[in-house]
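Participant: Before I ask anything, here is the structure I am working with.
Quick note: the coordinates plus some simple rules give every number you see, no bench work behind them. Given the structure is predicted, the values throughout are model-derived calculations rather than measurements. All Cβ positions, glycine included, derive from the backbone under ideal geometry; neighbour counts span all protein chains shown.
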Amino acid sequence: MNFLIVGCGFTGAVIARELAEKGFSIFIIDQRHHIGGNCYTERDHQTGIMEHVYGPHIFHTDDEQVWKYVNSHGKFKPFINRVKSIVNNKVYSLPINLHTINQFFNASFSPSEARKFIEKQGDNHIDEPKNFEEQALKFIGKDLYDAFFKGYTKKQWGLEPKLLPASILKRLPVRFNYDDNYFSHKYQGMPENGYTSIIESILNHKNISVELNQIFSKDLIDEYDHIIWTGKLDQWFDYSEGKLNYRTLKFEKNYAQGDYQGNAVINYGDETIPYTRISEHKHFSPWETHEKTIYFKEYSADCKDEDIPYYPVRLADDKIVLDKYLALAKLEKKVTFAGRLGTYSYMDMDVTIRQALDISKELIDRVESF
Ligand code: UDP
């Protein structure tokens, strides 16, 4: 059997490798000039700093198999993301932890005092939070919500937080100790030589060929036994059921001498500041030394046809359209839809790899049962 995979991010690469290991021949195309999708990294030409070209990617997972998988394709160095947030000209620690609470309320609470205090801050009229705002008001109260989440979320999603699902906020913990590790996962790290080299290694198999700068055309379908589509789900169906909404990101790149902000990521909670965060990429590789620095102001915007999609918005209207596409996708026996865009879901890298491994297994089982 021969497979065509459209899109050469983590999803496409992992599925290609799993199928190639079983002796199938795989052709991958990508419309961009590089592999790796939005995880693509390259060294900045002027400074030599490893640049996360489509924004910061930090690897974190509880999935041991996924962690072993990525480590078998390149060395990961320990990296803990410690994010700060600037609100009203003051710097706070994120995710909300005992330090943030004490800084913000000008207090020196112990863990149990802080827990009681925050419980009182929370709105206990809300039983079952129905949206992002209610989730925040219930668990952290209005003051912390207004400072850290309201403005940032409006900028990030271009919407009132009332309209967003509570699940987005559930990505972030609230801690009653001084642990300021942004992620709670067991395994965390950064690839020593960037993500591109990890993906290159995954693709390095005699049964896989990759062609870049290739736009997919439906004429190709007949030439293959099966297609794996990791592009936008709605695009495959020529938007017949309407468009699914995505957010895109725009990065303003700047150069400076020395250390610009002293940290990899600083968020900006105020709505009056147009960007959501600034990331300074040499801090993602703290084992390297560079005299110069590069930093990126990150702006979020509605995703137009010509933009790169980053985040699926998944509002109620999108879910209705999504269900229609999922029904159509089930009928496409010759096509498998995979990845953040192909399944229209807000997945981190580790979940993407897990999904790709599971999809590969299903495909292999299906083919071997014939
Ligand atoms: N968020 C926020 N303030 C912050 C960081 C995050 O309001 O300082 C909200 C925002 O709505 C964001 C969500 O929490 O979309 C999830 O944050 P995360 O850092 O997981 O987003 P990602 O890294 O995927 O952009």
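Participant: Using the beta-carbon distance between Thr47 and Val91 and R0 = 30 Å, what value does 1/(1 + (r/R0)^6) give for FRET efficiency, to the nearest 0.05? Walk me through the intermediate numbers first.
Facilitator: Numbers: r = 25 Å, r/R0 = 0.85.
Calculated transfer efficiency: 0.75.
Participant: Could you tally the net charge around Ile126, taking each other residue with its Cβ under 10 Å from the Cβ of Ile126, Lys/Arg +1 and Asp/Glu -1?
Facilitator: Numbers: positive: Lys130, Lys138; negative: Asp123, Asp127, Glu128, Glu133, Glu134.
That works out to -3.
Participant: If you take every residue apart from Thr289 with its C-beta less than 12 Å away from the C-beta of Thr289, what net charge results, scoring Lys and Arg +1 and Asp and Glu -1? It would help to have the intermediate numbers written out before the result.
Facilitator: On the way: positive: Lys282, Lys292; negative: Asp259, Glu288, Glu291.
For residues surrounding Thr289, the net value is -1.
Participant: Using r as the Cβ-Cβ distance of Glu21 and Tyr346, and R0 as 22 Å, what FRET efficiency do you calculate, to the nearest 0.05?
Facilitator: Details: r = 29 Å, r/R0 = 1.33.
The value I calculate is 0.15.
Participant: So, one more: Full-extension gain between Asp146 and Lys116, please, as 0.36 nm times their residue separation minus the C-alpha to C-alpha distance. Can you show the working numbers first?
Facilitator: Working: separation 30, 0.36 × 30 = 10.80 nm, distance 1.99 nm.
Separation in residues times 0.36 nm, less the Cα-Cα distance, equals 8.8 nm.
Participant: What distance in nm separates the two pseudo spin-label positions at Leu315 and Asn213, each 7 Å out from Cα along the beta-carbon direction?
Facilitator: Result for the modelled spin labels: 3.9 nm.
Participant: Just in segment 272-343: which trypsin sites (Lys or Arg not before Pro) are loop by DSSP and have at most 16 other Cβ atoms within 10 Å?
Facilitator: Passing sites in segment 272-343 are Lys304, Lys333, Lys334.
Participant: I need the semi-axes of the equivalent ellipsoid of segment 104-243: take the C-alpha gyration tensor, multiply each eigenvalue by 5, square-root it, list largest first in whole angstrom. Mind dumping the intermediate values first?
Facilitator: On the way: eigenvalues 395, 111, 28 Å².
Ellipsoid semi-axes (Å, largest first): 44, 24, 12.
Participant: Next question. Sorted from fewest to most neighbouring beta carbons within 10 Å, what does the list Ser369, Ser72 look like? Please list the in-between numbers first.
Facilitator: Working: Ser369 6, Ser72 10.
Sorted ascending by nearby Cβ count, the order is Ser369, Ser72.
Participant: Among DSSP beta bridges whose residues both lie in the chain, state the antiparallel percentage, nearest 5. Provide the component values of the computation, followed by the final result.
Facilitator: Working: 32 of 51 bridges.
Antiparallel: roughly 65 percent of the beta bridges in the chain.
Participant: Continuing with the same structure: Report the Cα centroid-to-centroid distance between segment 284-352 and segment 220-271 in angstrom, as an integer.
Facilitator: 5 Å
Participant: Count neighbours as other Cβ atoms within 10 Å of each site's Cβ, and list the chymotrypsin sites (Phe, Trp or Tyr not before Pro) in segment 148-241 that are DSSP loop with at most 15 such neighbours. Present the calculation step by step, with values, prior to reporting the outcome.
Facilitator: On the way: sites: Phe148, Phe149, Tyr152, Trp157, Phe176, Tyr178, Tyr182, Phe183, Tyr187, Tyr195, Phe216, Tyr224, Trp229, Trp236, Phe237, Tyr239; in loops: Phe176, Tyr178, Tyr182, Phe183, Phe216, Tyr224, Phe237, Tyr239.
When the chymotrypsin sites (Phe, Trp or Tyr not before Pro) of segment 148-241 are filtered for loop state and at most 15 Cβ neighbours within 10 Å, Tyr178, Phe237, Tyr239 remain.
Participant: Excluding same-chain residues fewer than 8 positions from Lys142, which lysines have a Cα within less than 27 Å of its Cα?
Facilitator: Lys142 reaches Lys84, Lys90, Lys116, Lys120, Lys130, Lys150, Lys154, Lys155, Lys162, Lys170.
Participant: Work out the length of the dipole vector of segment 110-155 about its Cα centre, built from +1 on the beta-carbon of each Lys and Arg and -1 on the beta-carbon of each Asp and Glu, and round it to the nearest 20 debye.
Facilitator: Numbers: 9 positive and 9 negative charges, 39 e Å.
Dipole magnitude for segment 110-155 comes out near 180 debye.
Participant: While we're on this one: For segment 6-47 and segment 168-209, what is the separation of their C-alpha centers, rounded to whole Å?
Facilitator: 17 Å
Participant: Could I ask something else about it? Would you work out the Kirkwood radius for segment 179-241? I mean one over the mean of 1/r across all pairs of different Cα atoms, in Å. Let's see the in-between values first.
Facilitator: Values: mean 1/r = 0.0621 Å⁻¹.
After inverting the pairwise mean of 1/r, the radius is 16.1 Å.
Participant: Calculate how many DSSP beta bridges within segment 192-324 are antiparallel, expressed in % of all such bridges and rounded to the nearest 5.
Facilitator: Working: 20 of 20 bridges.
Bridges in segment 192-324 are about 100 percent antiparallel.
Participant: Out of segment 178-219, which trypsin sites (Lys or Arg not before Pro) are coil in DSSP terms and have no more than 11 other C-beta atoms within 10 Å?
Facilitator: On the way: sites: Lys186, Lys206, Lys218; in loops: Lys186, Lys206.
Taking segment 178-219 and a limit of 11 other Cβ atoms within 10 Å, the loop trypsin sites (Lys or Arg not before Pro) found are Lys186, Lys206.
Participant: About the Cα centre of the chain, what is the dipole size in debye to 20, counting +1 per Lys and Arg Cβ and -1 per Asp and Glu Cβ, all else neutral?
Facilitator: The dipole of the chain has a size of about 700 debye.
Participant: Here is a further query. Over all directions, average the projected area of the Cα convex hull of segment 114-192 and note it in nm².
Facilitator: Details: hull surface 27.2 nm².
Result: 6.8 nm².
Participant: In segment 1-66, how does Rg compare with the Kirkwood Rh, expressed as the Rg/Rh ratio over alpha carbon atoms? Don't skip to the answer; put the middle values down first.
Facilitator: Numbers: Rg = 14.6 Å, Rh = 13.7 Å.
My calculation puts Rg/Rh at 1.06.
Participant: Here's another thing I want to ask about it. Segment 163-286: percent of C-alpha pairs farther apart than 27 Å? Could you put the intermediate results ahead of the total?
Facilitator: Numbers: 3858 of 7626 pairs.
The answer is 51 percent, as a whole percent.
Participant: Something else about it: Multiply the residue separation of Asp358 and Asn263 by 0.36 nm, subtract the distance between their alpha-carbon atoms, and state the gained length in nm to one decimal. If you can, show how the numbers build up before the last one.
Facilitator: On the way: separation 95, 0.36 × 95 = 34.20 nm, distance 3.62 nm.
This chain segment gains 30.6 nm when fully extended.
Participant: Still on this structure: Using a Förster radius of 51 Å, what is the FRET efficiency between Glu306 and Phe109 based on their Cβ-Cβ separation? Nearest 0.05, please. Could the numbers behind the result be given before it?
Facilitator: On the way: r = 50 Å, r/R0 = 0.97.
Efficiency at R0 = 51 Å is approximately 0.55.
Participant: Also: Quick one: if you stick a label point 7 Å off each Cα along the C-beta vector at Tyr255 and Trp287, how many nm between them?
Facilitator: Computed distance between label sites Tyr255 and Trp287 equals 2.7 nm.
Participant: Among Pro129, Pro165, Phe139, whose Cα projects farthest towards the positive end of the dipole of segment 102-187, with charges put on the beta-carbon of Lys, Arg (+1) and Asp, Glu (-1)?
Facilitator: About the Cα centre, the residue reaching furthest to the positive side is Pro165.
Participant: Starting from the Kirkwood Rh over alpha-carbon pairs, what translational D in µm² s⁻¹ does segment 254-332 have by Stokes-Einstein at 10 °C and 1.306 mPa s? Can you show the working numbers first?
Facilitator: On the way: Rh = 16.0 Å.
My calculation gives 99 µm²/s for D.
Participant: Taking 8 Å as the Cα distance limit and 6 or more residues as the minimum spacing, I'd like the relative contact order of segment 110-224 as a percentage.
Facilitator: Numbers: 70 pairs, mean separation 24.9, N = 115.
Relative contact order comes out at 22 percent.
Participant: Calculate, axis by axis, the spread of Cα positions in the chain along the three principal axes, and write the results as whole Å, longest axis first.
Facilitator: Reported extents, whole Å, longest axis first: 66, 50, 37.
Participant: Okay, next question. Placing unit charges on C-beta atoms (Lys and Arg positive, Asp and Glu negative, everything else neutral), compute the dipole magnitude of segment 81-215 about its Cα centre in debye, rounded to 20.
Facilitator: Using only the charged Cβ atoms, the result is roughly 160 debye.
Participant: So, one more: Starting from a Cα-only point model with no solvent, please compute log10 I(q)/I(0) by Debye for segment 1-155 at q = 0.10, 0.16, 0.21 1/Å.
Facilitator: -0.64, -1.02, -1.30
Participant: Over all alpha-carbon pairs of segment 96-142, lay out the pair-distance distribution in 10 Å bins, whole %, shortest bin first.
Facilitator: 28, 48, 23, 1
Participant: Using a cut-off of 11 Å between beta-carbons, work out the net charge of the residues near Ala301 (Lys and Arg +1, Asp and Glu -1, Ala301 not included). All intermediate terms of the calculation are to be shown ahead of the outcome.
Facilitator: Details: positive: Lys155, Arg247, Lys250, Lys304; negative: Glu298, Asp302, Asp307.
That sum, taken over residues with Cβ under 11 Å, equals +1.
Participant: Can you tell me, using C-alpha contacts under 8 Å and at least 6 residues apart, the relative contact order of the chain as a whole percent? Walk me through the numbers before you get to the answer.
Facilitator: Working: 703 pairs, mean separation 97.3, N = 370.
Relative CO of the chain lands at 26 percent.
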